[in-house]
Amino acid sequence: MRRVRRFTAQTIRAVRALAREGRIPRPLRWAAAFGLLPIPGPIDEAVLLLVGFVLWAFYRDLLSEAWQRAA
């Protein structure tokens, strides 16, 4: 149970750091915020998948840097 809490806390800290990251384009951050809205249907999930893919494909170094800083 402790590992789950630690992982969740680290994930929240990393996401918070990425949200404030100036090297990620603002439209991409806005798309991620749109994907977090409670919209019925698969639209918000599709937007989050697209944002996640773009972050993974083009900003992988920023993701790993945020994860390491959150630890």
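The values are calculated or read from the model by the stated rules, or taken from the named source; none is laboratory data. Keep in mind that this is a model prediction, so the values were computed, not measured. In this analysis, Cβ positions are derived from the backbone assuming ideal geometry, glycine residues included, and neighbour counts consider all displayed protein chains. For the accessible areas, the whole protein counts, side chains as well, though only heavy atoms, and no ligand, DNA or RNA atoms are used. Shrake-Rupley method; radii C 1.70, N 1.55, O 1.52, S 1.80 Å.
Here is the list for the chain: GluC sites (Glu not before Pro) lying in DSSP coil, each with at most 16 other C-beta atoms within 10 angstrom of its C-beta, are Glu21. Here the scattering of the chain is modelled by Debye summation over its C-alpha atoms, one equal scatterer each and no solvent; at q = 0.12, 0.18, 0.28 Å⁻¹ the log10 of I(q)/I(0) is -0.35, -0.76, -1.23.
For the chain, the solvent-accessible area of protein heavy atoms averages 80 Å² per residue (probe radius 1.4 Å; ligands and nucleic acids excluded). The calculated 222 nm mean residue ellipticity attributable to helices in the chain amounts to -25000 deg cm²/dmol, summing -39500 (n - 2.57) over DSSP H runs of n ≥ 4 and dividing by all residues. Roughly speaking, what is the stretch gain from Thr8 to Phe53, that is 0.36 nm per residue apart minus the C-alpha to C-alpha distance, in nm to one decimal? Full extension from Thr8 to Phe53 adds 14.1 nm.
Net charge within 14 Å of Arg13 by Cβ-Cβ distance, Lys/Arg positive one each and Asp/Glu negative one each, not counting Arg13 itself? All intermediate terms of the calculation are to be shown ahead of the outcome.
Working: positive: Arg5, Arg6, Arg16, Arg20, Arg69; negative: Glu21, Glu65.
With Lys, Arg at +1 and Asp, Glu at -1, the neighbours total +3.
Placing unit charges on the Cβ atoms only, positive for Lys and Arg and negative for Asp and Glu, gives the chain a dipole magnitude near 480 debye about its Cα centre.
Taking the Cβ of Gln68 as the center, what net charge do the other residues with Cβ under 15 Å away carry, scoring Lys and Arg +1 and Asp and Glu -1? Working shown, then result.
Numbers: positive: Arg6, Arg13, Arg16, Arg60, Arg69; negative: Glu21, Asp61, Glu65.
Surrounding charge for Gln68 is +2.
Farthest toward the positive end of the dipole of the chain, out of Pro27, Val47, Leu63, is the Cα of Leu63, where the dipole comes from beta carbon charges about the Cα centre. The accessible surface of the chain, taken with every protein chain in place and a 1.4 Å probe, is 67 percent carbon and sulfur.
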